[in-house]
1. Of the conditions (1) more than 15 Å from the chain's Cα centre (by Cα); (2) free of Cβ contacts under 8 Å to residues at least 24 places away in the same chain, N80 clears all except one; give me its number.
2. Would you pick out the residues in the range 179-191 that are under 11 Å from L127 (Cα atoms) and free of Cβ contacts under 8 Å to residues at least 24 places away in the same chain?
3. From the residues in the range 113-128 that are within 14 Å of T166 (Cβ to Cβ) and assigned to a loop (DSSP other than H, G, I, E, B), which one is modelled with the highest pLDDT?
4. When you scan the range 129-145, do you find a residue that is at pLDDT 90 or above, within 28 Å of R19 (Cβ to Cβ) and in a helix (DSSP H, G or I), even just one?
5. Output the residue which, of all residues in the range 34-73 that are part of a loop (DSSP other than H, G, I, E, B) and within 14 Å of the chain's Cα centre (by Cα), is nearest to P8 (Cα to Cα).
6. Cβ-Cβ under 6 Å, sequence separation 6+ or interchain: first residue in the range 148-176 and in contact (Cβ under 8 Å) with a residue 12 or more places away in the chain and over 12 Å from R126 (Cα atoms), partner among the hydrophobic types (A, V, I, L, M, F, W, C) and surrounded by 14 or more Cβ atoms within 10 Å (Cβ to Cβ). Which pairs?
7. Out of everything in the range 74-85 that is surrounded by fewer than 21 Cβ atoms within 10 Å (Cβ to Cβ) and of a type in the set (S, T, N, Q), what residue ends up being nearest to S11 (Cα to Cα)?
Amino acid sequence: MHELTDIPNFSHYKADLHRGRIYSLISNKWLNPKANKRFGYVYSTLKNNNGTAIPISIHTVIMSAHLNKSPESWKPLTVNHIDLNKENNSIHNLELIEHKDQFCDIVRSRMGQGERLSNDDVRYLRLIKEILKVKGEYAQNTFFNYFSERLYRSYTTIQNIVNNVTYQDIQLTDKEKELINRIRLQHDLVEFGISELIA
């Protein structure tokens, strides 16, 4: 068994840097998180030293343990999977790089080429962001990286779109806003334990 490493701000857990996995001192078991179907990264929810449950990617936890620093300390750098396998979270497969470098050659070669994103694409990005925020599942860097690869646009381009820096004339439709409010209501009802009232 490899030596386990402390994780800054998460003293109830230890990291196996070589295998890219997390051991819980609370349950005395290895965590067995699955890859997020939406983005492909492996996520888990850890309780920090204040007792707050924090959704966090395993690659971020492994890098944090390796550097003995919190993720905030290495911004604006991001963690990159060297072999492009988002489920391989061994420290040997991780590196800190700038966002602009976090793309394989085929993706990078297609960035900035082709037509301007459609109005529907822009609204879709903003709609997905708002839905994820309502559900407490919005991870900014993961979101920007995922759609950068999917739409062959740069990280900054996606960031500017969803933050309304660009395409300012395009707004969510009333129907889309209604959908967000409906999801927010469902989420809040579930939080209060009255999900059975949801039709």
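1. (1)
2. none
3. S118
4. no
5. Top of the filtered list is Y41.
6. Close Cβ pairs satisfying both conditions: S148/I158; E149/V107; Y152/M111; S154/M111; Y155/F144.
7. Ranking the candidates gives N80 first.
Yes/no per residue for (1) touching a Phe, Trp or Tyr at 6+ places or on another chain (Cβ under 8 Å); (2) assigned by TED's automatic domain parsing to the domain that holds H81; (3) of a type in the set (A, V, I, L, M):
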{"site": "N145", "(1), (2), (3)": "yes, no, no"}
{"site": "R153", "(1), (2), (3)": "yes, no, no"}
{"site": "N164", "(1), (2), (3)": "no, no, no"}
{"site": "Y167", "(1), (2), (3)": "no, no, no"}
{"site": "L172", "(1), (2), (3)": "no, no, yes"}
{"site": "L189", "(1), (2), (3)": "no, no, yes"}
{"site": "F192", "(1), (2), (3)": "no, no, no"}
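The values are calculated or read from the model by the stated rules, or taken from the named source; none is laboratory data. Note that this is a predicted model, so its numbers are computed, not measured. Virtual Cβ from ideal backbone geometry, glycine too; neighbours counted across all protein chains shown.
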